[in-house]
1. Viscosity 1.567 mPa s, temperature 4 °C: Stokes-Einstein D of the stretch 50-180 from its Kirkwood Cα radius, in µm² per second?
2. Need the C-alpha centroid separation for the stretch 243-273 versus the stretch 53-87, integer Å.
3. For the chain, what is the mean residue ellipticity at 222 nm derived from helices alone (per DSSP H run of n ≥ 4: -39500 (n - 2.57); sum divided by total residues; nearest 500 deg cm²/dmol)?
4. Please check: in the Gaussian network model of the chain (C-alpha springs, under 10 Å), which one of 111, 147, 193 has the largest mean-square fluctuation.
5. Using mean Cβ contacts within 10 Å as the protection proxy, how do 161-172, 76-87 order, highest first?
6. Testing the spin-label approximation: label points 7 Å from Cα along Cα→Cβ at residue 267 and residue 198. State their distance in nm.
7. Once you place label points 7 Å from the Cα toward the Cβ at residue 162 and residue 226, how far apart are they in nm?
8. By the gyration tensor of its Cα atoms, with a ≥ b ≥ c the square roots of the eigenvalues, what is the shape of the chain: rounded for a/c under 1.5, prolate for a/b over b/c, or oblate?
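Where a number appears in this text, it was derived from the coordinates with a stated rule and is not lab data. These figures come from a predicted structure and were not determined experimentally. Using ideal geometry, Cβ is built from the backbone for each residue, glycine included, and neighbour counts are taken over all protein chains shown.
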Amino acid sequence: MQIGTLEFDIPVVMGILNVTPDSFADGGRFLAPADAMRQAEAMADAGAAIIDVGGESTRPGAANVSEQEEMDRVVPIIAAIRKSLDVSVSVDTSKASVMRAAVGAGADMINDVRALREAGALDAAVDLQKPVCLMHMQGQPRTMQENPLYKDVTAEVAEFLEDRIRVCVAAGLNRELIIVDPGFGFGKSHSHNVELLANLRQLRDLGQPLLVGISRKSTLGHLTGRIAGDRLPASIAAAVVAVTSGAQIVRVHDVAETVDALKVGRAVMEAAAN
């Protein structure tokens, strides 16, 4: 698969750029365009292969954002990144109109936590024919963590993603454009997240590139006792585990540190293969 000019035959880092006032780990830090561009430049310089721009928080309890407000947040930043930085750009959205506007501004990829289930989203993805990440989520972001239940979380996540792949391909989306994400922290307890990470290789059987986003999430805080801003070591450990289990994209807040950790992990994996 190719995202922009990026062909990821080795695992790559996707840097998170939340242009929101209320995201759980960095809300408000990059809402101003100048601050967002400085962060994009820093992530690109640090080795991010993709920058994922989001204009609506999906943390539990976050407020809804209108289509126009979300576009006003993400489209100018995407256009500015495309103009000035040599990096692929993803838009983190579930809204069809935002997808179209973002791709029109230069986005190379769509990252949708609702897996193209919102009104018009699948049609937009089919029309645009850009790489799309389909994520698993039980429930909706505002209430998803109230009481998530599974009999077998890995099997149920895989079944959901397999069904979404089938639906999207049947609608006309090229299967070679589909990436999947198990959705750590989206309608899952701490034990569910750990179980998913332990069984990540099973999701490779779906035959699609695998994206993992677990950076700074509450499960890492539960395991370590650390607040979100102090979860760097845990986030790096989770990223390395994910890549050794088959993830091809890791979505993170701390780009430089994760890039270095993956270089070490890749060297060890290559030596073991030889």
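1. Values: Rh = 15.3 Å.
Here the translational diffusion coefficient equals 85 µm²/s.
2. 27
3. Per the formula, -13500 deg cm²/dmol.
4. So, out of 111, 147, 193, the one fluctuating most is 147.
5. With the highest mean Cβ count within 10 Å placed first, the list reads 76-87, 161-172.
6. Inter-label distance under the simple model: 3.1 nm.
7. Taking the two extended label points, one gets 3.6 nm.
8. Details: a/c = 1.19, a/b = 1.10, b/c = 1.08.
In terms of gyration-tensor shape, rounded.
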